[in-house]
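Comments concern the structure below.
The values are calculated or read from the model by the stated rules, or taken from the named source; none is laboratory data. Since we're looking at a predicted model, the values are computed, not measured. Note: ideal-geometry Cβ built from the backbone for every residue, glycine included; neighbour counts use all protein chains shown. Side chains are part of the model used for accessible areas, which takes the heavy atoms of the whole protein and leaves out ligands, DNA and RNA. Shrake-Rupley method; radii C 1.70, N 1.55, O 1.52, S 1.80 Å.
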Amino acid sequence: MTYLSGNLNRLLAVLAAAVFLSACTVEEGFFRPVREEPEEPSGINVTELLNGGLNQGARLPVNQFIWQASLDTVDVLPLAAVDPFSGVIATDWGSANASTQERYRLNVFVTSVELTVDSLRVAAFRQEFRGGRWVDAPLDPEVARSVEDAILLRARQLRIAENG
């Protein structure tokens, strides 16, 4: 039990730092590999989609504040998939600290246009590097709950900032 609580405390500290850092300006490439060549814009702007700008009044089936807060919060991990139409954000394996012995992955599901606790679900995964390979490792379910709380707090901050 001490091993699990020690890892939980470490992960909560990492996630708290991630929330803090997501509000700071960070140089490109600090948490992600630096790209050799600049990428061309890919055509669809998620902010325009969320605001209904591309299809005169079309709205996505996700809460814009929870969606943006989710992107802000998981930004310390590399993104693997982002689909605003289904409300899914999936990160790739990564670590927000210098540890090379453990890594984390998050799946975020935004399920409603409402700004409520029921509109958000997070699944968190952890792996350890043992015997020359990555193996699944236990992770306290409270970690996913802590990420949800961080996202909802950030969503409330975004809503307050927009509404003055």
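Within the set of pairs 6 or more residues apart or between chains, which connect a residue that is at positive phi inside the range 64-89 to a residue that is open to solvent by 40 Å² or more (accessible area, probe 1.4 Å) with Cβ atoms less than 7 Å apart? Cβ pairs passing all conditions: Gly87/Pro61; Gly87/Phe109; Gly87/Thr111. Leu158: open to solvent by less than 60 Å² (accessible area, probe 1.4 Å) and in a helix (DSSP H, G or I), yes or no? So Leu158 passes the test. The residues on offer are Glu128, Glu162, and the sole one that is in contact with an Asp or Glu (Cβ under 7 Å, 6 or more places away or on another chain), charged (D, E, K, R) and more than 20 Å from Val74 (Cβ to Cβ) is Glu128. Selection within the range 127-155: residues that are among the basic types (Lys, Arg) and surrounded by fewer than 18 Cβ atoms within 10 Å (Cβ to Cβ). The member of this set that is farthest from Thr100 (Cα to Cα) is Arg145.
Before we move on, is Ala96 closer than 26 Å to Arg156 by Cβ, modelled with pLDDT of 95 or more and of a type in the set (A, V, I, L, M, F, W, C)? Against the criterion (closer than 26 Å to Arg156 by Cβ, modelled with pLDDT of 95 or more and of a type in the set (A, V, I, L, M, F, W, C)), Ala96 does not qualify. In summary, Leu115 fulfils each of the numbered conditions (1) at pLDDT below 95; (2) within 12 Å of the chain's Cα centre (by Cα) with the single exception of condition (2). Of the residues in the range 125-138, not one is under 26 Å from Gln64 (Cβ atoms) and among the β-branched types (Val, Ile, Thr).
On the stretch given as the range 113-123, residues that are within 19 Å of Ala90 (Cβ to Cβ) and either open to solvent by 30 Å² or more (accessible area, probe 1.4 Å) or among the acidic types (Asp, Glu) (or both) total 1. Counting only strands (runs of 3 or more DSSP E) wholly contained in the range 63-155, the ones carrying 1 or more residues that are of a type in the set (Val, Ile, Thr) and in contact with a helix residue (DSSP H, G or I) (Cβ under 9 Å, 6 or more places away or on another chain) occupy 79-83, 88-91, 102-110, 120-130.
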